[in-house]
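The structure appears right after this line, and notes come after that.
Every number here is computed from the coordinates shown, using simple stated rules; none is lab data. Note that this is a predicted model, so its numbers are computed, not measured. Neighbour counts run over all protein chains shown; Cβ positions are idealised from the backbone, glycine included.
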Amino acid sequence: MTSRVVVTGGAGFLGSHLCQTLLARGDTVVAVDNLCTGRAANVAALQANPRFSLITADVVDGLTIDGPVDLVLHFASPASPVDYLRLPIETLRVGSQGTMHALDLAREKGARFLLASTSEVYGDPEIHPQREDYWGNVNPVGPRGVYDEAKRFGEAMTMAYRSTYDVDTAIVRIFNTFGPRMRPNDGRAIPNFIRQALAGDPVTVSGDGLQTRSICYVDDLVAGIVALAGSGEPGPMNIGNPHEVSMLDLAGWVVKLTNSTSPIVHIERPVDDPTVRRPDTTKAHQALGWSPQVDIEDGLERTIAWFREHEVEDQVLSPE
Ligand code: NAD
Ligand code: UDP
C-alpha cells in the first residue's frame, strides 16, 4: 500500500535520498524545507514527478498540510557541527518547536511519526559500543549542547506525544552517514577530506586523529529508516554501520582512493569532540532484520565519483 509522506528537511542530504526512495516505491511525498542547510538542487530531479512537491517553509513557524498524511518523517535540523555552531538558536528551535509542530501534524492526521535523532545523544560516550539503553554523556553548556540537547528534547517530546496523545511514534538514532549530495563545504569530515584531496589541498585531521567514528553509506541508512517507519517499533533504535575508523586512517584512505598527493595536516580538535563512536545494531537487526550491506570502500568510491562529477555545480551552489 502506498502512502502520503511528509518529509521535513526533505531538501537536505538524507531527506533528499529518503524522498527519492519513497517516490520510487510509489509513495506521494511532500518535502518541507527552509533551505538553511539544504539545497533545492538536491530534489531538482524529483520535481518532474507529479507525486513530489517541495514546500519552502520553516517548520518552526508551523506545519500545515492539506489532505491526508500517513507518515511524517521529521528530518529538519542543521546536522553538521559547522552548521549548528553557526545556527545555534535555529538548531534549538527546530529541535523543540519544530518537533512539536511535526508531532502536532502527525496527531492531527493520525499519521505515524518518525524523529531523526542522533548518536550525538550519547555525547562523548563512556560505554562502547553504544546501545540504546545507554543514557549518554552530554555537556549541556558546551558548544555542541545546542544540537545534542535539542535532539534529546525532541526524543522526550516524541515519547510524551506517544504516551499522552497516543501518536504512533518512532525514534531513530542515526550514526555518521555519508554519500552523494553532502555539501562539499558542510564541514563534516568525509566531505572535507574528499573536497581537499580532489583539490590537492592539505587534508585537515583534527587533533591526533585517533578519535573514531563508524560510518554508514547513505543507501543502507535509508533502507533502515524506511524499515523502521514501516514497522510498529517505537525505538529508540540505532541505525548505522558498526565499521569504526579513526579520522587519521579515514583521511589516508580518502587520499589513497582519490590518487591525491595532498598532505595530511593536523588542526585543532573541536571542544567536546567525542573520542569514540560505534553503534550496537543488535536491536535493528532483531526487530527489522536490517543490517548494512554496502562495503565502506565501495561507498567512499561512489561518493568520490559523485564529488568529481558535481565539482563545477558545487562551486556555484555551495559557498556559505
Ligand atoms: P542537512 O543539513 O543536509 O539536512 C537538513 C535539512 O533540514 C536541510 O535541508 C535544511 O535546510 C532543513 N532545515 C533545517 N532547519 C529547518 C527548519 N527550521 N525548517 C525547515 N527545514 C529546515 O543534514 P542531514 O545530514 O541530511 O541530516 C538530516 C537529519 O538527520 C537531521 O535531523 C540530523 O540531525 C539527522 N542526522 C544526520 C546524521 C548524518 O550523519 N547525516 C547523523 C545523525 C542525525
Ligand atoms: N574532523 C576532522 N577534520 C575535518 C572535519 C572533521 O578531523 O576537516 C573530525 C572531527 O573533529 C571529528 C570527526 O572528524 O572528530 C567527525 O566529525 P564530523 O563533523 O564529520 O561528525 P561528528 O563530529 O558530528 O561525528
Exercise. Hey, G240 hits all of (1) in contact with a helix residue (DSSP H, G or I) (Cβ under 8 Å, 6 or more places away or on another chain); (2) small (G, A, S); (3) more than 14 Å from ligand 2 (Cβ to nearest atom) but one; which does it fall short on?
Worked result: (3)
Exercise. Looking at V72, V43, V60, V94, which one is closer than 22 Å to G145 by Cα and surrounded by 24 or more Cβ atoms within 10 Å (Cβ to Cβ)?
Worked result: V94
Problem set entry | Selected residue (criterion: farthest from A227 (Cα to Cα)) from residues of the stretch 110-124 that are touching a Gly at 6+ places or on another chain (Cβ under 7 Å) and within 15 Å of ligand 2 (Cβ to nearest atom) | G123
Problem set entry | Close pairs from the stretch 135-159: first farther than 15 Å from H74 by Cβ, partner basic (K, R), Cβ under 8 Å, at least 6 apart | G136/R152; V138/R144; V138/R152
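Quick grid of which residues meet (1) farther than 23 Å from R183 by Cβ; (2) not basic (K, R):
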residue: L85; (1), (2): no, yes
residue: F113; (1), (2): yes, yes
residue: T118; (1), (2): no, yes
residue: E126; (1), (2): yes, yes
residue: P140; (1), (2): yes, yes
residue: K151; (1), (2): no, no
Exercise. Right, R188: within 21 Å of H243 (Cβ to Cβ) and either touching a residue at least 60 places away in the same chain (Cβ under 8 Å) or not polar (S, T, N, Q) (or both) or not?
Worked result: yes
For this session: Give the stretch 4-30 a look and list any residue that's in a loop (DSSP other than H, G, I, E, B) and either within 16 Å of ligand 2 (Cβ to nearest atom) or under 16 Å from the mean Cα position of the chain (by Cα) (or both), or say none.
Result: G9, G10, A11, G12
For this session: Name the single residue, out of those in the stretch 114-146 being part of a loop (DSSP other than H, G, I, E, B) and β-branched (V, I, T), that is surrounded by the most Cβ atoms within 10 Å (Cβ to Cβ).
Result: V138
Exercise. Going through the stretch 100-125 one residue at a time, which ones are under 13 Å from E149 (Cα atoms) and either free of Cβ contacts under 8 Å to residues at least 12 places away in the same chain or of a type in the set (S, T, N, Q) (or both)?
Worked result: S117, T118, S119
For this session: Test each condition in (1) more than 9 Å from ligand 1 (Cβ to nearest atom); (2) under 16 Å from the mean Cα position of the chain (by Cα); (3) on the phi > 0 side of the Ramachandran plot; (4) not aromatic (F, W, Y) for G136 and report the one that comes out false.
Result: (2)
Exercise. Considering only strands (runs of 3 or more DSSP E) fully contained in the stretch 226-320, which possess at least 3 residues that are within 16 Å of ligand 1 (Cβ to nearest atom)?
Worked result: 237-239
Exercise. Scanning for something surrounded by fewer than 19 Cβ atoms within 10 Å (Cβ to Cβ), within 14 Å of ligand 1 (Cβ to nearest atom) and either aromatic (F, W, Y) or under 19 Å from the mean Cα position of the chain (by Cα) (or both), does the stretch 184-199 turn up at least one residue?
Worked result: yes
For this session: Answer yes or no: is there a residue in the stretch 31-38 that is more than 16 Å from ligand 2 (Cβ to nearest atom), more than 28 Å from G145 (Cα to Cα) and surrounded by fewer than 24 Cβ atoms within 10 Å (Cβ to Cβ).
Result: no
For this session: Inspect all residues belonging to the stretch 162-174 and state whether any of them is crowded, with 22+ Cβ neighbours inside 10 Å, within 30 Å of P263 (Cβ to Cβ) and within 14 Å of ligand 2 (Cβ to nearest atom).
Result: no
For this session: Would you check if there is a residue in the stretch 119-138 being over 17 Å from R278 (Cβ atoms), of a type outside the set (F, W, Y) and touching a strand residue (DSSP E or B) at 6+ places or on another chain (Cβ under 6 Å)?
Result: yes
Exercise. If we keep just the residues of the stretch 273-296 that are within 10 Å of ligand 2 (Cβ to nearest atom) and surrounded by fewer than 17 Cβ atoms within 10 Å (Cβ to Cβ), which is nearest to the chain's Cα centre (by Cα)?
Worked result: D273
Seminar exercise, completed: In the stretch 70-109, anything away from ligand 2 (no atom under 16 Å from the Cβ), outside any helix (DSSP H, G or I), within 18 Å of L14 (Cβ to Cβ) and not small (G, A, S) is listed as L71, V72, L73, H74
